[in-house]
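For reference, the structure is listed below as structure tokens.
The values are calculated or read from the model by the stated rules, or taken from the named source; none is laboratory data. Keep in mind that this is a model prediction, so the values were computed, not measured. Quick reminder, even Gly has a Cβ in these numbers, built from the backbone with ideal geometry, and neighbours come from all protein chains shown.
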Amino acid sequence: MQASKRIDRRLPTWHGWLPLGLFIFATNVPTCGEEKYDLQPVENNVGHFNGSADRVEQETRFQEQVSGSNFVGHFTDDLKPGGILTPEKYTLGKIQKLQGDRWLFPVRIQYGDHDLTIPLALPVVWAGDTPIIQLDRLAVPGFGVFSARVLIHNDHYAGYWQGANHGGHLFGRIEHEQKLPDSLVK
């Protein structure tokens, strides 16, 4: 009777170390001529929120950036095929901080056949040093009920909006140096 040969189906011993080795190699090699980044936390990293003093400074910059400005851009509508861009314009008066995260935005909203001037009390939250305007099921007279997130960065805005049965993207630039209409000055 022949002795049966035992077949060793174990993988080579280096197999268990291969994923770890690849991970270490990949995280230590700069790509595309970029320098390697130090991913360690930094105390009081400039440009990021690190307490109430920074928040006050960020809010002051935000208020100066958007007060008296025009948000001029376009939006898409999921109900319109082909991603057709519709022009939009928001003319802001002097915005004011209310309580907590809420801000008062005196705004003239213009798109299509719509043209309305209205004060809106909206939350502004922060992602690091970047303000994000929020609408959550906000009833806007003459327009409908909307939710949205609008990010503000370097004189540009971008975000997503949603109405009752449709939504889309919005984006554009923030223009300055204008004379405010009397209805927006307080």
Checked against (1) surrounded by 13 or more Cβ atoms within 10 Å (Cβ to Cβ); (2) hydrophobic (A, V, I, L, M, F, W, C); (3) without any contact (Cβ under 8 Å) to a residue 40 or more places away in the chain; (4) farther than 19 Å from residue 61 by Cβ, residue 150 satisfies every condition except (4)
Only one residue in 155, 113 is of a type in the set (D, E, K, R) and without any contact (Cβ under 8 Å) to a residue 60 or more places away in the chain. Which one? 113
Tell me yes or no: at least one residue of segment 72-85 is among the polar types (S, T, N, Q), part of a strand (DSSP E or B) and modelled with pLDDT of 95 or more. no
Kindly indicate the residue of segment 55-97 that is touching a helix residue (DSSP H, G or I) at 6+ places or on another chain (Cβ under 9 Å) and of a type outside the set (Gly, Ala, Ser) and also nearest to residue 110 (Cα to Cα) among those meeting that condition. 91
Can you report the number of residues in segment 121-131 which are buried (at least 16 other Cβ atoms within 10 Å of the Cβ) and assigned to a strand (DSSP E or B)? 5
Could you tell me which residue of segment 106-119 is nearest to residue 95 (Cα to Cα), considering only residues that are crowded, with 16+ Cβ neighbours inside 10 Å and of a type in the set (A, V, I, L, M, F, W, C)? 107
